[in-house]
Amino acid sequence: MVHLSSIATALAAGLLPQLANAAGLNTAATAKGLDYFGTATDNPELTDNTYMTQLKNTDDFGQLTPGNSMKWDATEPSQNSFSFEKGDAIADLAEANGQKLRCHNLVWYQQLPSWVSGGSWTNETLTEALKNHITKVVTHYKGKCYAWDVVNEALNDDGSYRENVFYQHIGEAYIPIAFEAAAAADSDAKLYYNDYSIEYGGDKANAAEKIVKLVQSYGAKIDGVGLQGHFTVGQTPSKKDLASTLKSYTALGVEVAYTEMDVRMETPSSSDKLSQQSTDYASLVGACAETEGCVGITIWDWTDKYSWVPDTFSGYGDACPWDENYKKKQAYNGILNALGGSSSARKSRKMRRNMITRGN
């Protein structure tokens with residue numbers, strides 16, 4: 001029998017209201033119908049025991065993305081010489097924890113070894129090198145990757161193609177060629193085009209839609225569009241507008257996911273900024289949760305301690321749902337509420353009433 005004194009003690013300690021959050025972000029996301037809620041991680045963090053304890057918490061994280069260890073410079077630093085140790089560390093971690101693995105990425109204009117970016121190529125020789133890289137990397141991780149970001153950031157902000165080494169020598173065909181090679185190496189992995197600033201309507205979003213159609217026109221497999229979701233506090237579109245853009249992609253017969261979500265602010269933070277950040281996260285997560293065909297959300301690391309933002313955007317930071325001391329911020333509750341946390345809160349209130357009734 002539960003005594004009222006126990007209830008009073010729990011209430012005084014603030015334990016019962018926490019039941020609303022006990023489900024965790026991933027548990028709430030899957031209950032809402034999503035496939036996962038996850039986070040990026042990277043090899044340097046794996047030596048931090050406190051960080052690792054939370055990273056392995058599948059109530060919050062049902063999926064992992066390796067931030068850097070599967071990119072071209074890490075996996076094929078010299079031609080036809082492959083290195084998978086760092087990528088394997090994260091793949092093995094996800095497998096051991098029962099977490100999905102979103103593999104990232106196969107073709108990108110950055111983090112290329114010099115033999116690729118500065119090579120003397122023809123259409124034929126670069127196409128061969130491209131196919132070889134994709135085939136070897138995807139084959140190595142076959143059966144482990146829930147999804148691959150096959151081509152990453154092929155577009156300029158105005159929607160034109162980036163003048164990268166692949167586009168220079170192969171043309172836009174490098175994109176469907178990459179998807180075709182990835183599908184041949186692992187037909188079960190979901191294959192994504194991934195980019196930033198395609199979360200709202202405009203030239204770049206329209207160009208991303210054209211990439212989906214381009215790959216489809218070649219008869220190649222493309223399963224999804226990854227919208228990175230890097231935003232600034234107070235500049236995040238409304239949930240309605242975000243959902244409208246998501247639907248513009250799903251109308252093409254592909255799924256969508258937010259793949260690198262964070263919401264940065266000008267530092268130092270303040271209570272107003274933290275409150276707005278929570279609202280912005282809720283808009284992003286709510287748009288996905290309410291859009292058929294949006295399958296999951298990945299935050300770009302979960303703690304400010306390891307966020308990429310301060311090194312990239314001078315004067316900005318505090319972009320993650322946990323602070324640098326691993327304390328949950330208001331953004332955590334904003335995300336949870338957008339995933340149906342209010343229903344959990346109702347359950348906790350009902351549980352408390354039942355406990356009190358039994359105590360009488």
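Tabulated data
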| item | result |
| --- | --- |
| Summed residue charge, Cβ within 15 Å of PRO77's Cβ, Lys/Arg positive, Asp/Glu negative | 0 |
| Length-normalised contact order for region 25-339 - Cα pairs under 8 Å, 6+ apart - percent | 16 percent |
| Residue-count net charge about TYR193 - beta-carbon cut-off 15 Å; Lys, Arg +1, Asp, Glu -1 | -3 |
| Amide H contacts under 5 Å for TYR161, placed H, 5+ residues apart | ASN156 |
| In order through region 98-111: 3J(HN,Hα) via Karplus (6.51 cos²θ - 1.76 cosθ + 1.60), integer Hz, x for Gly, Pro | x, 9, 5, 10, 8, 8, 8, 9, 9, 9, 8, 7, 9, 6 |
| DSSP-defined beta bridges in region 196-346 - what % are antiparallel, rounded to 5 | 20 percent |
| Spin-label zone in region 32-72 - amide nitrogen under 16 Å from a point set 7 Å from the Cα of LYS305 along the C-beta vector | 40-57 |
| Label-point separation, PHE82 to ALA31 (7 Å along Cα→Cβ), nm | 4.2 nm |
| Among beta bridges that DSSP assigns inside the chain, antiparallel share in %, nearest 5 | 10 percent |
| Per residue accessible area of the chain, 1.4 Å probe, in Å² | 43 Å² |
| Theoretical gain in end-to-end length, TYR200 to MET52 [0.36 nm per residue, Cα-Cα removed] | 49.9 nm |
| Calculated from backbone phi, Karplus (6.51, -1.76, 1.60) coupling profile of region 146-157 in Hz, x at Gly/Pro | 4, 8, 10, 7, 6, 10, 10, 6, 7, 10, 6, 5 |
| Karplus-derived 3J(HN,Hα), 6.51/-1.76/1.60, for each residue of region 161-177, Hz, glycine and proline x | 6, 5, 7, 8, 4, 6, 5, 4, 9, 10, x, 4, 4, 4, 6, x, 4 |
| For TRP148, residues with placed amide H under 5 Å, excluding near neighbours | CYS103, LYS190, LEU191, TYR192 |
| The chain - mean residue ellipticity at 222 nm from DSSP helices (-39,500 (n - 2.57) per run, n ≥ 4, rounded to 500) | -13000 deg cm²/dmol |
| At R0 = 22 Å, FRET efficiency that the Cβ-Cβ distance of LYS247 and ASP188 yields, to 0.05 | 0.25 |
| Cα-centre dipole for the chain with unit charges at Cβ (Lys and Arg positive, Asp and Glu negative), debye to 20 | 1880 debye |
| Carbon/sulfur fraction of accessible area - the chain, other protein chains in place, 1.4 Å, % | 46 percent |
| Entry for Cα extents along the principal axes in Å (calculated from the structure that is shown) out of [x] 64, 64, 33; [y] 81, 40, 39; [z] 58, 52, 42 | [y] |
| Computed FRET value (nearest 0.05) for LYS327 with ASP73, which takes r as the C-beta separation and R₀ as 30 Å | 0.30 |
| Amide proton proximity set for PHE231, modelled H, under 5 Å, gap of 5+ | ASP262, VAL263, ARG264 |
| Nearest-10 value in Å² for the accessible area of ARG162, using the 1.4 Å probe | 30 Å² |
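The values are calculated or read from the model by the stated rules, or taken from the named source; none is laboratory data. For clarity, every value in this text was computed on a predicted model and none was experimentally measured. Methodologically, a virtual Cβ is constructed for each residue, glycine included, from the backbone with ideal geometry; neighbour enumeration extends over all protein chains shown. Just the protein is used for accessible areas: all its heavy atoms, side chains included, with ligands, DNA and RNA removed. Shrake-Rupley method; radii C 1.70, N 1.55, O 1.52, S 1.80 Å.
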